[in-house]
Structure formats: C-alpha cells, structure tokens
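Remarks on the structure that follows.
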Amino acid sequence: MISDGKVLNNIIATQSVHEKYGGVVPELASRAHQQHVVPVVHEALTDSGISKGELSAVAFTRGPGLMGSLLVGGSFAKSFAFALDLPLIEVNHMEAHILAHFIEDPKPSFPFICLTVSGGHTQLVLVRDYLDMEVIGETLDDAVGEAFDKTAKLLGLPYPGGPHLDKLAATGNPGAFVFPITSMRGLNYSFSGIKTAVLYFLRDRVQGDPGFIEKRLPDICASIQYTLIKMLLLKLMKASTTYGIDQIAIAGGVSANQGLRKALAGLSEKLGWQVFIPRLEYCTDNAAMIAMAGHFKYQKGIFCDLDVSPSAKMKIGDHGKNK
Ligand code: ATP
Ligand code: FE
C-alpha cells in the first residue's frame, strides 16, 4: 500500500513449499498465489486502516515472471479494479526492483547505473528517469542468483542457497580455491560456466577425500562468492567508465549479499562512487516496490485496459498505453 509516494505497508507471503523440491515448482507457485492473494490484500487494507472506497488505483506485476503466478495476480488485480471502478496500472517487475530505491532516503539522482541481480535476471541498467530505463548489459545465460542457488545445491545447502552460501562465506577464505572468471563481450555476463566448474571441482576433490565438502565448506563458499562478485563488479566498473556515471545502485535479491555490499563499499571509497543499496526487505521480491512503480505511473496518468495480458518475458521500457 502506498499513499503519495509514501509506503504504508509491505505485506508479503513467502512460499516455503518450494524448499523440499530444491527449486521453484511453477504450478505450486501459482497455487500458493491463489491461496495468499486475498488474505494479503485484506491484511494490507486493514493494517493501513484504509477502506476499499478510499483507493485511487490498483497496480500489479504484468511481467516478467512465471506465467501461472502472473495470471493469478493479474486476474485478481483486474477483478478488483473492475469491481471498484479504479484505474489499473501494469508494472514491470524488473523496473520495480530498481524503483525500490525511491522508497526511502538516500535516493539516487538521475542518471544512475543500476546493477539488478536476482533469481532470474542479471542486468546493467542505465536509469535516466523513473520510467526511462535502458538495459546496457545482461547475462546471456544464467542469472547470478541461479549461479548462487545451483552451486549452493551442489554443496548440499537448502533452497534458496544464496543466503546460506553468503552466511558461510563470511567465515571462509575467498582465496582458498580458484574458479574461472568468465567475461563476455561489451557489458554482458555469463554465469552458466561456474556451475560446471564447481561440479567438476567437487567431484575431483570428493574422490580423494569423501569429507572434503564438510571440512572446507566456508572456504568453498567464500571462493565461489568471490568469483561471482568479481564478475559482477568488473562489468559494473566498465559500465561506469563507459557512461561516465559514478552514481551506482544495486537491486534484486542478490543485492542482499553481504560480500557484494562490502565489495561495493570498498569500491565506493576507491573510485569515488556514490553507492545506493536498498534495505534488505526491499531487495528481494516485495509489495512496496510494485506500489512505488505504480505510483510513478499514476502520477503520469499511465494506466492500462482490463484486457491486458501477463507477459512472462516483459522487457524493461514496455509501458503499456495511455488510457
Ligand atoms: P526475478 O526478479 O529475476 O524475477 P526473483 O524475483 O525470483 O527473480 P529475487 O526475489 O529478486 O528473485 O531474488 C531471489 C534470489 O536472490 C535467489 O536466487 C536468492 O538465492 C538470491 N539471494 C537472496 N539473498 C541472497 C544473499 N544474501 N546472497 C546471495 N544471493 C541471495
Ligand atoms: Fe524479483
């Protein structure tokens, strides 16, 4: 819930159902959405003390994401807006991750570069204005969040592995093992190689010493994390010099990573960057960032029709039409 750009609450329902499968099961995700959508909206209203009649608009995620989950959210938002005769606002999930920076101070000023690192995306985005963004680099295969989760799975850590790997890395030696740094053309990334590199590394080590993973877990985690962060930062530095911009933001679930946060703080001192990192609850998926993105569109009168369809691969910059 948001009022005049001020977040009133950020009610979310986390889905623990995926833990036992070691990854998100799309059908279970949409069923969980069905179960949670009405109670979550109800809680957001009662918690803020705002009645349905006082609402001005309804914002929802049109994409990108899993089709089943987008359909549930989209259908609910459309019915809700139709029933209450409210304007409907479609939001791009990846733009919303970036706009989470405008929930609280300090806020970046335009233009800035945002490194969006999440479970499904790794993008370098040139942000010229709230609704004027351009992807200047991205992963050509896996997202960095996937690399965290898949390597963590190889180590036997629970899903999602990113936060577990991060925690263990804090007590390990990042120089203990060396994994290859992959660099793609321009400002693009590739994170699929590290999975295989870690898989073969573990296979070889465990063959000679069955207890290897248990004994060296913090060191292995720290070394994987060091490699992933290094890859992220090399292109971020290149983007900063290419565009002559030293206002740097990070967004998405992986921006919760303590190693990345520390490394950015170091670069900020070394290179004179002004670095912006959202509070943890606004890094991973949350309701407030969608409301914030909706707020900026509301201010400009950018609404969508009730026949709008979800878009699993929605691109940044796709803003729908004026009503
Ligand atoms: P997308 O936004 O691309 O659709 P998503 O919404 O599933 O993907 P987010 O919720 O933004 O992704 O982020 C989830 C990802 O963030 C997971 O891969 C998770 O492991 C990772 N993550 C969360 N905390 C940390 C951390 N501390 N260190 C590393 N990775 C983390
Ligand atoms: Fe997300």
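Below is a table of values for the structure above.
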{"read-out": "Gained length - L199 relative to T241, 0.36 nm times residue gap less alpha-carbon distance", "value": "11.6 nm"}
{"read-out": "Residue-span extension gain [K230 to K315] - 0.36 nm each, minus C-alpha spacing", "value": "27.9 nm"}
{"read-out": "The chain - percent relative contact order, Cα under 8 Å, separation 6 or more", "value": "26"}
{"read-out": "Residues of type aspartates and glutamates that K235 reaches as a straight line, Cα spacing below 19 Å, ignoring anything fewer than 8 places off in the same chain", "value": "E134, E138, D141, D142, E146, D246, E269"}
{"read-out": "For the chain, calculated [θ]222 nm from helices alone, where every DSSP H run of n ≥ 4 adds -39500 (n - 2.57)", "value": "-15000 deg cm²/dmol"}
{"read-out": "Given charges at Cβ of Lys, Arg, Asp, Glu: segment 101-220 dipole, positive-most of V127, S190, F212", "value": "F212"}
{"read-out": "Contact order relative to length of segment 1-82, as percent, for alpha carbon pairs under 8 angstrom and 6 or more apart", "value": "30"}
{"read-out": "Alpha carbon Rg of segment 106-278, scaled by the compact-globule rule 2.2 N^0.38 Å", "value": "1.05"}
{"read-out": "Highest-first arrangement of 1-9, 149-157, where packing means the average Cβ count within 10 Å", "value": "149-157, 1-9"}
{"read-out": "Separation in nanometres of the label points that stand 7 Å from Cα toward Cβ, at S48 and E27", "value": "3.6"}
{"read-out": "When segment 98-204 is reduced to its Cα atoms, the Kirkwood hydrodynamic radius in Å", "value": "15.7"}
{"read-out": "For segment 1-98, size of Cβ-based charge dipole, Lys and Arg +1, Asp and Glu -1, in debye", "value": "200"}
{"read-out": "Normalised per residue, the volume of the convex hull around the Cα set of segment 25-65 (Å³)", "value": "81"}
{"read-out": "Of Q258, F276, G175, farthest towards positive along the dipole that unit charges on Lys, Arg, Asp, Glu beta carbons give segment 106-278", "value": "G175"}
{"read-out": "Alpha-carbon spread of the chain, three principal axes, descending order, Å", "value": "67, 46, 32"}
{"read-out": "Protection proxy ranking of 194-201, 225-232, 171-178 - average other beta-carbon atoms within 10 Å, highest first", "value": "225-232, 194-201, 171-178"}
{"read-out": "Lys, Arg +1 and Asp, Glu -1 on Cβ, resulting dipole of the chain about Cα centre, debye, nearest 20", "value": "620"}
{"read-out": "Kyte-Doolittle at least 1.0, axis length at least 18 Å by Cα - qualifying DSSP helices, the chain", "value": "67-84"}
{"read-out": "Segment 1-126 shape via C-alpha gyration tensor axes, a/c threshold 1.5", "value": "oblate"}
{"read-out": "Sites F82 and K107 - FRET efficiency at Förster radius 51 Å, r taken between beta-carbons, to 0.05", "value": "0.90"}
{"read-out": "Rounded if a/c under 1.5, otherwise prolate or oblate - segment 66-126, Cα gyration tensor axes", "value": "oblate"}
{"read-out": "Pairwise centroid distance, computed over Cα atoms, of segment 68-107 with segment 138-167, Å", "value": "27"}
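Only the coordinates and a few stated rules stand behind these numbers; no lab work does. Keep in mind the model is a prediction, meaning the values are calculated, not measured. With ideal geometry, Cβ positions are generated from the backbone for all residues, glycine too; neighbour counts draw on all protein chains shown.
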